[in-house]
Amino acid sequence: MKKIKLTINSDVYEVEFADDTTLLYLLRDKLGLTGTKEGCGAGECGACVVIMNGQAVNSCIVLAAEAEGAEVQTIEGEAKNGELSILQEAFVDCKGFQCGFCTPGMIMSARALLNKNPNPTREEIIDALEGNLCRCTGYEAIIESVQCAAAKGGAK
């Protein structure tokens, strides 16, 4: 068993887990943060993307032990006081989702981009979302959602 301390969505946690536990399972099973989804389990689909120390990461291939002392943001941390973020609102307004399974990972990848570059080009958005798969929307509405959020100051 391993024990670490980390910050998730501005809250500090000290949690114990088996040595082979991934960050995804730590978030979902140990802490009940189920907005982060498991898709492929191999870091290929992006459904499990969270932001760790400012970088978008596939939590299904990050060992929980690697998050010692880390700052992690999950989809649950995107909304504030029950209010959707500008980015989340843009996904609704621009119809950037259908079934919603990939949406948390898409939003977290987009958030990581907007945190670094509040006014990305279309090509930069496409690059940032490259590791995220969606079987429903055809991507155009997702790209438009990120563009809309950027235009509205979505980096905040």
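Just name the residue that is farthest from residue 53 (Cα to Cα) out of those in region 138-156 that are part of a helix (DSSP H, G or I), open to solvent by 40 Å² or more (accessible area, probe 1.4 Å) and not aliphatic (A, V, I, L, M). Looking at residues that are part of a helix (DSSP H, G or I), open to solvent by 40 Å² or more (accessible area, probe 1.4 Å) and not aliphatic (A, V, I, L, M), I get 140. Could you please let me know if residue 37 is among the basic types (Lys, Arg) and either over 18 Å from residue 111 (Cα atoms) or without any contact (Cβ under 8 Å) to a residue 12 or more places away in the chain (or both)? In short, no.
Checked against (1) modelled with pLDDT under 95; (2) surrounded by fewer than 17 Cβ atoms within 10 Å (Cβ to Cβ), residue 96 meets all criteria but (2). Restricting attention to region 44-81, the residues being touching a residue at least 40 places away in the same chain (Cβ under 8 Å), open to solvent by 20 Å² or more (accessible area, probe 1.4 Å), under 18 Å from residue 30 (Cα atoms) and over 12 Å from the mean Cα position of the chain (by Cα) number 6.
The values are calculated or read from the model by the stated rules, or taken from the named source; none is laboratory data. It should be emphasised that the depicted structure is a prediction, and the values quoted were computed from it without experimental measurement. Methodologically, a virtual Cβ is constructed for each residue, glycine included, from the backbone with ideal geometry; neighbour enumeration extends over all protein chains shown. All accessible areas refer to the heavy atoms of the entire protein, side chains included, with ligands and DNA or RNA removed. Shrake-Rupley method; radii C 1.70, N 1.55, O 1.52, S 1.80 Å.
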